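Please read the structure below before turning to the comments.
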Amino acid sequence: MSERVEHYGTIVLYLLVAVAIAFPILNPIGLPMVVSEDTETYYKLVDSLKPGGIVHYGIDPEIGGFEELRSRMIAIGRHLFAKDARIVFVGFDPNAPGIYKMLIEDIGVPKGKVYGVDYVFLGYIPGLEIGIASYAKDIHALLSVDYFGTPLKDLPLMNEVKDIKDFSLIMSFSSHGLPLNYVEQISVPYHIKVAVCVIGVMAPTVKPYYPDQIIGFLSTPRMGAEYELLIRKPGIGIADFDAQTIAHAVLLVFIVVGNLTELKRAKKR
Amino acid sequence: MDVVALWISTALTIFTVSLIFKETPLYRFAQHVFMGSAMGYGIVMAVKAVSDIAWNPMTKGEAIWIIPFILGLMFYTKFSKKYFWVSRYPTAVLVSTGVALTMRAVVRSSFLAQISSTFLNPLAPPYVGSPQLVINNILVIVIVICTLSYFLFSGEKTWQRNPVMVLLRKAAIYFMMFAFGAGFASTVVSRIALWVGRTRYLLASEARSITSIIIIFTALVLVGQGPLERMWKRR
């Protein structure tokens, strides 16, 4: 009997969370939002870029973690293009090419921005830490073509980038421990701090490195919504904000009820 | 093509979620499709990386790339009982390179720099102006000391039972519980974000009708599966 209750209870919980998520997506509520200090710091970091500055944009999440990072990746990509920064997209995770295709469509390359001049995609570089170290030391020694097979010497943007020191800003968007590899292979040997966006699960692992070794740190999907607010371009972050908040509230209620029930049961025993 | 992709991704999402109710052939189908496509994607990416980074430059005269190629091929001797030992050489190269690269930085990044970032003077500028930063810095110092003391296993019994040590360890348990709680909450946030993303996709105007059709189809399979299985067993 109790197994049955547990089974159907789980289904009810899932259905309630599903409704809590679906309802605000279909009928946006517009819950109030406060921009956190970390988001503001990251925003200022990007906003202070000079026009023409070259940015390393590390597409490093696994496909499962991309959804959580998506709003932040889009908003920051749009901000970079708006600041006339030139972007080198590259990934140290094999999912990078698939994600790049979706991301560049989501960001929407502004009119006048040309591939090879304003942005490039170098594809997936294997080897994790070894790959990052080789990339940081000499990009042209590691790669001779971009992801689409165009020789790097034919891409004007890549003629201005030789190694990691030629970037004005280094960013990594990751769902695993890659940001720490960035710290070890870029921050330590070259004394260049990196800006990092991670999924919530990774926040406790990466946060201790901020702000001394990591210059910018965004750790939750809520920060994607905040960033959209700062750049005044509402997107999926703000659209998802209501759904996330209500779903978290439902879970919170279930956690409290579950614990109280368990306490009651323990007292009876 | 976009419509076909929409149908496929909507169906696979709903088939996978059907596991909440019970395991169905639809769920197993989605699982196998995922495994197969993930493997296929991984292989294509690996081959492309080898081709772009090493093979093409090598064929154009950069002879140095022949060394990693030979080392890579040596890994395949793992499948031979007679020449298994050969695979130890590329493994050794890989491990030693990895360890050397990590060691040159990890002492600085994860040890020295972290210690100096942890033990900040809470009353020194620029912290002294901000009560929040002062409290944060004090908390970090106290929590690090307590947690480290929890993992001191050696020493005399009297030292281990010292009231100060006992107090530090008791405090450490609570601090670690807070940390585990925060970690768990972060995991929940991640999973909900994933769910929100998929729901947004399923409820997008162009996908709504497809979502409805596939939900009905999946529900029919869920309802009909039990009677069909019983019928099959009776036969």
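Restricting attention to segment B:60-86 and to residues that are farther than 25 Å from A:Val90 by Cβ, free of Cβ contacts under 8 Å to residues at least 12 places away in the same chain and of a type in the set (Val, Ile, Thr), the residue that is surrounded by the most Cβ atoms within 10 Å (Cβ to Cβ) turns out to be B:Thr77.
Residues that are open to solvent by 80 Å² or more (accessible area, probe 1.4 Å) and over 30 Å from A:Lys165 (Cα atoms) do occur in segment A:34-48, at least one of them. Among the residues making up segment A:143-168, those that are hydrophobic (A, V, I, L, M, F, W, C) and either part of a loop (DSSP other than H, G, I, E, B) or free of Cβ contacts under 8 Å to residues at least 60 places away in the same chain (or both) are A:Leu143, A:Val145, A:Phe148, A:Leu152, A:Leu155, A:Val161, A:Phe167. Taking segment B:193-209 as the range and being surrounded by 18 or more Cβ atoms within 10 Å (Cβ to Cβ) and more than 9 Å from every other protein chain (Cβ to nearest Cβ) as the test, only B:Ala207 passes. Residues that are closer than 24 Å to A:Glu105 by Cα, open to solvent by 70 Å² or more (accessible area, probe 1.4 Å) and either assigned to a loop (DSSP other than H, G, I, E, B) or among the hydroxyl-bearing types (Ser, Thr, Tyr) (or both): does segment A:1-16 have at least one? No - not one qualifying residue is present in segment A:1-16. Looking only at segment B:158-190, residues that are open to solvent by 100 Å² or more (accessible area, probe 1.4 Å) and within 30 Å of A:Tyr14 (Cβ to Cβ) come to 4 in all. Every condition in (1) open to solvent by 70 Å² or more (accessible area, probe 1.4 Å); (2) closer than 23 Å to B:Leu203 by Cα is met by B:Phe15 except one, and the failing one is (1).
I'm checking my understanding of the structure. Among residues of segment B:19-59 that are facing chain A (nearest Cβ under 7 Å) and farther than 26 Å from A:Tyr147 by Cβ, which one is surrounded by the most Cβ atoms within 10 Å (Cβ to Cβ)? Among them, the one singled out is B:Phe21.
Could you grab me the full set of residues in segment A:97-138 that are under 27 Å from A:Pro234 (Cβ atoms) and at the interface with chain B (Cβ under 9 Å from one of its Cβ atoms)? Hit for segment A:97-138 is A:Gly98, nothing else.
Considering segment B:121-235, the qualifying helices (runs of 4 or more DSSP H), each wholly inside and each with 3 or more residues that are under 25 Å from the mean Cα position of the chain (by Cα), run over B:163-202.
Is there a residue in segment A:64-87 that is surrounded by fewer than 20 Cβ atoms within 10 Å (Cβ to Cβ) and more than 20 Å from A:Val46 (Cα to Cα)? Among the residues of segment A:64-87, at least one is surrounded by fewer than 20 Cβ atoms within 10 Å (Cβ to Cβ) and more than 20 Å from A:Val46 (Cα to Cα), which makes the answer yes. Scanning segment A:108-132 for residues that are open to solvent by 10 Å² or more (accessible area, probe 1.4 Å) and not acidic (Asp, Glu) yields a total of 15.
If we scan segment B:23-34, do we find a residue that is more than 30 Å from B:Leu220 (Cα to Cα), in a loop (DSSP other than H, G, I, E, B) and more than 26 Å from the chain's Cα centre (by Cα)? No: segment B:23-34 contains no residue that is more than 30 Å from B:Leu220 (Cα to Cα), in a loop (DSSP other than H, G, I, E, B) and more than 26 Å from the chain's Cα centre (by Cα). Determine whether A:Lys233 is part of a helix (DSSP H, G or I), surrounded by fewer than 24 Cβ atoms within 10 Å (Cβ to Cβ) and basic (Lys, Arg). No, not satisfied. Would a scan of segment B:95-115 turn up a residue that is in contact with a helix residue (DSSP H, G or I) (Cβ under 8 Å, 6 or more places away or on another chain) and exposed (fewer than 14 other Cβ atoms within 10 Å of the Cβ)? No - not one qualifying residue is present in segment B:95-115.
The values are calculated or read from the model by the stated rules, or taken from the named source; none is laboratory data. Quick caveat, the model's predicted, so the values are computed rather than measured. Every residue, glycine as well, gets a Cβ built from its backbone with ideal geometry; the counts of neighbours run over all protein chains shown. Side chains are part of the model used for accessible areas, which takes the heavy atoms of the whole protein and leaves out ligands, DNA and RNA. Shrake-Rupley method; radii C 1.70, N 1.55, O 1.52, S 1.80 Å.
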